[in-house]
Structures are given as structure tokens and as C-alpha cells.
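K.L.:
Below are the C-alpha cells for one structure; questions will follow.
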């Protein structure tokens with residue numbers, strides 16, 4: 001299974017200082033599969049927001065990602081942040097973990113552990129455990145930003161031994177903070193929902209392995225996205241297992 005589908009066009013953001021970068025030595029990736037059409041999801045969205053704002057949650061550096069699935073869209077409310085791409089990504093985890101079905105809210109930690117997305121105790125335990133695992137060193141920086149075109153430079157160190165020697169995909173995505181919706185139908189009708197770290201798209205830019213590598217990622221940002229709320233994320237992820245062997249995050253425009 002491929003955990004790195006092509007990113008749909010991801011437009012204008014202000015340029016940060018040249019050469020600015022973030023280095024995460026041992027981060028933990030927390031993904032939440034959610035939907036505005038699911039009445040059980042708002043508490044999980046709130047938990048992910050708290051995790052994303054914490055400088056250290058359960059002793060780890062957190063890269064939080066909210067992925068809005070589309071399989072609730074026919075049940076009364078079409079989630080404006082949903083994409084088939086994210087549903088496919090969740091299905092990849094279900095297959096890799098030998099689970100019976102997809103569901104929301106589902107939280108996945110480092111591509112290894114899944115549980116109900118509003119279970120804070122499970123999140124803390126999974127994150128604390130994942131923080132102890134060896135990780136590849138990942139660096140990401142803005143190489144250029146001209147008009148709508150963002151170019152990121154990504155450097156990845158040697159990847160720790162992967163499960164069964166599998167290939168590790170190098171993925172780049174964009175997330176956005178401070179998104180809000182007034183839901184008028186479906187299970188959450190009448191509610192005002194807030195979201196953090198909403199994934200806008202993700203794509204595969206290469207393969208990581210036993211040697212250090214440097215890659216560039218060209219991303220077209222969309223004008224509707226708020227430039228001060230965008231982050232670039234980089235994942236080194238097992239092609240078949242979905243296990244995450246390294247990650248980094250960059251605030252595209254410093255506030």
C-alpha cells in the first residue's frame with residue numbers, strides 16, 4: 001500500500017527569513033482522522049488542538065495532523081476540509097494494522113498505534129512510548145517562495161532499521177491552523193467547530209534509506225489558506241507498514 005499519494009495543488013504565503021528551518025531530533029506524529037459530519041469528533045478535535053499547542057506532550061515533540069475523511073459527506077453535511085486522499089490514507093492504516101473497518105474519530109500515533117481519537121489517556125501512553133523509538137534526523141527549510149510557488153528543501157539522515165527492510169517514503173504536506181465552520185446540517189447541525197493542523201494535501205517526493213539524502217519539494221499554495229497559519233510537514237514513512245521513522249515540521253511564515 002502507498003502511504004504517499006500525490007498532493008493536490010496545495011496559494012500565496014508570505015516568505016519567512018531565508019534559510020529559516022526547524023530540526024526535530026525525535027518527534028512523534030499524531031494523526032487524527034475526523035469529520036465535521038461525525039458527532040463524536042469534536043472532543044477529539046479539541047484534544048488534537050491541545051496536543052498541537054503543547055511544547056511537550058507526554059514528553060515528546062508533537063507533529064499533529066488532522067485528516068478529514070469524506071465518507072460522512074453523504075449523510076447530511078459535506079465537510080469542506082475532507083478529501084478522498086485522506087480516506088485512502090486511513091484505509092491504508094486499517095489494512096496495515098489488520099483492523100476490521102475505518103471509523104472516526106481515530107487517532108494514529110507514529111503510524112503504529114490506533115485508538116479512539118478522544119481518549120487522552122491512550123494518546124499519552126502511545127506518545128510516551130513512541131518518543132523512545134530511534135528516529136532519522138529530518139530537517140526542512142524554505143528554499144524559496146515566489147508568488148504562489150513554495151519550494152522546500154528537505155534533508156534526511158540515515159533511517160533506523162525499517163520493519164522487514166521495507167522502503168521508506170519521503171512525504172511532504174501542508175497543514176493549516178485556526179479553521180472554523182458553522183455546521184447547518186447533519187449530526188453536528190447548529191454547532192460551530194474549530195480545527196487545528198488540518199491537512200490540506202500530502203505527496204511523495206522520494207525515498208529515504210541507509211544513506212543521507214537531500215530533496216526539494218515544490219508546492220503550490222492556495223489563496224484561501226491563511227498564510228500565517230500554514231505549516232509544512234515532512235514524514236519518513238514505511239511504504240507498507242505505515243510506520244513513521246522520522247518527521248519534521250516548519251512554520252512557513254513566522255508570526
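K.L.:
Got the relative contact order for the stretch 21-251 handy, in percent, Cα pairs under 8 Å and 6 or more residues apart?
P.N.:
Once divided by the residue count of the stretch 21-251, the mean separation gives 26 percent.
K.L.:
Taking only C-alpha pairs under 8 Å that are 6+ residues apart, what is the relative contact order of the stretch 77-134 in percent? Working shown, then result.
P.N.:
Values: 31 pairs, mean separation 11.5, N = 58.
Averaging sequence separation for qualifying contacts and normalising by length gives 20 percent for the stretch 77-134.
K.L.:
Hey, another quick one. With just the Cα atoms defining each centre, how far is the stretch 203-222 from the stretch 122-185? Give it in Å.
P.N.:
Each part's Cα centre sits 11 Å from the other's.
K.L.:
Here's something else I'd like to know. Translational diffusion coefficient, Stokes-Einstein: compute it for the chain using the Kirkwood radius over C-alpha pairs as Rh, at 4 °C and 1.567 mPa s, and state it as an integer in µm² s⁻¹. Kindly include the intermediate steps, with their values, before the conclusion.
P.N.:
Working: Rh = 18.1 Å.
So the translational diffusion coefficient is about 72 µm²/s.
K.L.:
For the chain, what is the calculated [θ] at 222 nm in deg cm²/dmol (nearest 500), taking -39500 (n - 2.57) for each run of four or more DSSP H residues and dividing by its residue count? Please list the in-between numbers first.
P.N.:
Numbers: 3 runs with 37 residues, N = 255.
When only DSSP H runs of four or more count, the value is -4500 deg cm²/dmol.
K.L.:
Restricting to Cα pairs below 8 Å that are 6+ residues apart, what does the relative contact order work out to for the stretch 72-187? Please round to a whole percent. Mind showing how you got there, number by number?
P.N.:
Values: 82 pairs, mean separation 23.6, N = 116.
Value for the stretch 72-187: 20 percent.
Values in this text are rule-based calculations from the coordinates and carry no lab data. Bear in mind that the values here come from a model prediction, so they are computed numbers and not experimental data.
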